[in-house]
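No value in this document is a laboratory result; all are computed from the given coordinates. Note that this is a predicted model, so its numbers are computed, not measured. Using ideal geometry, Cβ is built from the backbone for each residue, glycine included, and neighbour counts are taken over all protein chains shown.
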Amino acid sequence: MRKVIFVEEYIKSSPLERGRKGNVHWQGCVSSSGLSKQKHTPPPLSRGESRKPVLFKMMIFFVAFLCFTITAHAQHAGYTQLTDLTKFKQQFAEVAEKTNSIKSDFTQEKSLSMLSEKITSKGKFWYRKTNMLRMEYTQPFSYLMILNKDNVYIKDGQKENKVSTRSNKVFKQINKIVVDCIQGTALNSGDFKSAVYENKGTYLVSLSPVNKQLSEFFKTIEITVDKKDYSVNTIEMLEGSGDSTTLRFTNKEINANIPDALFAIK
Amino acid sequence: MRFLLLSSCLLILASCSSVYKNLKPAEGDLRSIKKFAPDFTNVLYKTEVDVIGGHHLSGLLLIKTLPDKSVRMVFSNEMGFKFFDFEFKPDGGFKVYYIIKQMDKRPVIVTLQKDFELVMMRKQNPSTGYMRKDDNYLYYVFPQEKGANYYITNKAGTELIRMERSSDRKPVVQAIMGGIHDGISDTIGISHKNFKFNIGLKRLKR
């Protein structure tokens, strides 16, 4: 009974001030009667069930973008927009075809616009055809994420997590995006509205998510590609709030030999 | 049968009694507890959250005090995906700038708000607060809308042992801070007593 009292405490408290949508969010509240019944299920984070998929979902979106960028090889010049994308798409697919692996260092910068603050982290990045990706953050924390075909593995400190993308509809869909990206068909997949720009040394691919799931997280994704070797220099993911996350790739090695062990999920 | 009834009544009575009822009144400066308030000028924590059912969530929590003295708290995962962005205003107000849909539930938000208010030592009204003691500790008590926030120190008041958010009878949340350097604690732990919901913060040097 005590638990119930505790739960109701939340419900009776005064409304929260909301940043964006006012108290419309009340509709998302759980009714007190409903909560009273779940004596052993705590109110707030008991829905861990949905939490993990969310986390993984976002990661896989992220992976999808990385894979996309890996294969986002363009042609052309000057941050003027390319009018004919046919050739670009073709080139994109061709280079994707030839790229079997990528090894690189990366720097990630999360910009929080209203806080005038940047969070920088660094690590190593490995990609191999098909559907294999390893991202290892080393500074200022250690964090490892491996995507190997249908499986995702995460090591965060001492905690390990494994998830099969087969067991989940969302993962399956996301996996399709990943494959589309790798095969160079993402530009045609209908998940993004795309525009390509160029300047002297780089291409800039601008992607706006079409589907609602993705647009919740990003307004646009901007990728710069080095014209010299068609490798990705940066990926910038812009949120509606004005915050953004930028990944910068350095010391890139294309088609380096990457051992299986790096993608092994035990 | 009578014995059963009697014993049940006794049991109920026992379970209804407050863990705080044996505390004795104490003298002291209630405001001095503020000296333990963590300095959240600009600090980044590696954050782990464990929830019921063995679920685990990790990420980075940035806490920054803005020029208008409001404290912003942004939690994102390691790859930069934002989970929430809260503001604790200097006048006691609270604002949600952003929260992902899956967490956008009032009980979740209120729990996080109250947990962090406990640690930040907000909502301390000296006119309604009072002090208590037992054989080992001093208790700085600040009544809230429901229940109270307890700050428990050693008898001399020189060391903060733990913080508690309590119902009228017992603690529902306990929090500890460790390794305090220049007012910034290296670790903060928040743990719920009624269900599994634990937050662990570990400071990252930038």
| message | Rounding to the nearest 10 and keeping the result within 0 to 90°, find how far the Cα-based axis of helix B:2-16 lies from the longest principal axis of chain B. | response | 40 degrees
| message | Using only the alpha-carbon atoms, how far is helix B:106-120 inclined from the longest principal axis of chain B? Give it as 0 to 90 degrees, nearest 10. | response | 90 degrees
| request: Set the Förster distance to 45 Å, then compute FRET efficiency between A:Gln139 and B:Ser18 from the Cβ-Cβ distance, nearest 0.05. | output: 0.40
| query | Taking springs between alpha-carbon atoms closer than 10 angstrom, which of B:Tyr140, B:Tyr98, B:Tyr151 fluctuates most in the Gaussian network model of chain B? | reply | B:Tyr98
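With the contact rule set at Cα under 8 Å and sequence spacing of 6 or more, what percent relative contact order holds for chain B? The partial results should precede the final answer.
Details: 384 pairs, mean separation 40.9, N = 206.
Once normalised by length, the contact order is 20 percent.
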| Label 7 Å along Cα→Cβ of B:Asn198; segment B:37-70 residues with amide nitrogen under 14 Å? | B:48-57
| message | Which entries of B:Lys105/B:Lys170; A:Lys124/A:Lys266; B:Lys89/B:Lys123; A:Lys98/A:Lys266; B:Lys35/B:Lys123; B:Lys114/B:Lys193 have Cα-Cα distances beyond 22 Å here? | response | B:Lys105/B:Lys170; A:Lys98/A:Lys266
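Which of rounded, prolate, oblate describes segment A:79-153, given a ≥ b ≥ c as roots of the alpha-carbon gyration tensor eigenvalues and a/c under 1.5 marking rounded, otherwise prolate only if a/b is larger than b/c? If you can, show how the numbers build up before the last one.
On the way: a/c = 2.80, a/b = 1.26, b/c = 2.23.
The shape class here is oblate.
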| note | Connecting every pair of Cα atoms under 10 Å apart in chain B and solving the GNM, the largest mean-square fluctuation among B:Leu66, B:Leu138, B:Leu118 falls on B:Leu66
| note | Expected integer from the mean partner chain Cβ neighbour count at 10 Å over A:110-121 is 5
| Most mobile of B:Val43, B:Val74, B:Val110 per a Gaussian network model of chain B (Cα springs, under 10 Å)? | B:Val110
| request: Just check chain B against the gyration tensor rule for me: Cα atoms, a ≥ b ≥ c as the square roots of the eigenvalues, rounded for a/c under 1.5, and otherwise prolate or oblate depending on whether a/b exceeds b/c. | output: oblate
